[in-house]
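Read through the structure below, which is laid out as structure tokens, and then see the notes.
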């Protein structure tokens, strides 16, 4: 059951969705994207910086595509979530990998993580800002283009899972 909450203006709920186990599923998707950008020691806790990056990336997406950037982000998350993964099944020292289906919540979590990791890696040692790289990553992922880091990783995960069926 999904509860529709009031629309929010700022993706800043002060950890209200982290109090119970599955409550993060009700957290606005853009806030989840913002929180995922606050990774690596030097960026921990810098929420205002992450909000600024996402806002700037959305402006770039709107200019480049003339579409609603939130819709582009949702399409990117839908396209980047792996449908199948492999897990380790092991007993008595022998370990083999078994293909398993991915739950909807984990698909969203992995898609957001892959998008932000791709943007961060593209911006590292590059003249482009993180916002520009995030915008590019979102647009490529929404199209399903293999130029996107997230799409490449998703395809790789599904290929490995297929070989372990």
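The values are calculated or read from the model by the stated rules, or taken from the named source; none is laboratory data. Here the structure is a predicted model, which is why all the values come from computation and not from measurement. Reconstructed Cβ throughout: ideal geometry from the backbone, glycine too, with neighbour counts over all protein chains shown.
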ask   = If you take the residues in the stretch 88-108 that are touching a residue at least 40 places away in the same chain (Cβ under 8 Å) and surrounded by 15 or more Cβ atoms within 10 Å (Cβ to Cβ), which one is farthest from residue 78 (Cα to Cα)?
value = 97
query = Any residue in the stretch 26-34 that is out of contact with any helix residue (DSSP H, G or I) (no Cβ under 7 Å at 6 or more places or on another chain), part of a helix (DSSP H, G or I) and surrounded by 14 or more Cβ atoms within 10 Å (Cβ to Cβ)?
reply = yes
ask   = Somewhere in the stretch 142-158, is a residue touching a strand residue (DSSP E or B) at 6+ places or on another chain (Cβ under 6 Å) and surrounded by fewer than 22 Cβ atoms within 10 Å (Cβ to Cβ)?
value = yes
Candidates 161, 73, 119 - the one that is out of contact with any helix residue (DSSP H, G or I) (no Cβ under 7 Å at 6 or more places or on another chain) and at pLDDT below 95 = 161
inquiry  = Show the residue pairs meeting these rules: Cβ distance below 7 Å; 6+ apart or different chains; first residue within the stretch 9-31 and under 23 Å from residue 57 (Cβ atoms); second residue modelled with pLDDT under 80 and loosely packed, with under 15 Cβ neighbours inside 10 Å.
reply    = 28/8
Among residues of the stretch 35-50, those that are without any contact (Cβ under 8 Å) to a residue 40 or more places away in the chain, exposed (fewer than 13 other Cβ atoms within 10 Å of the Cβ) and assigned to a loop (DSSP other than H, G, I, E, B), counted = 2
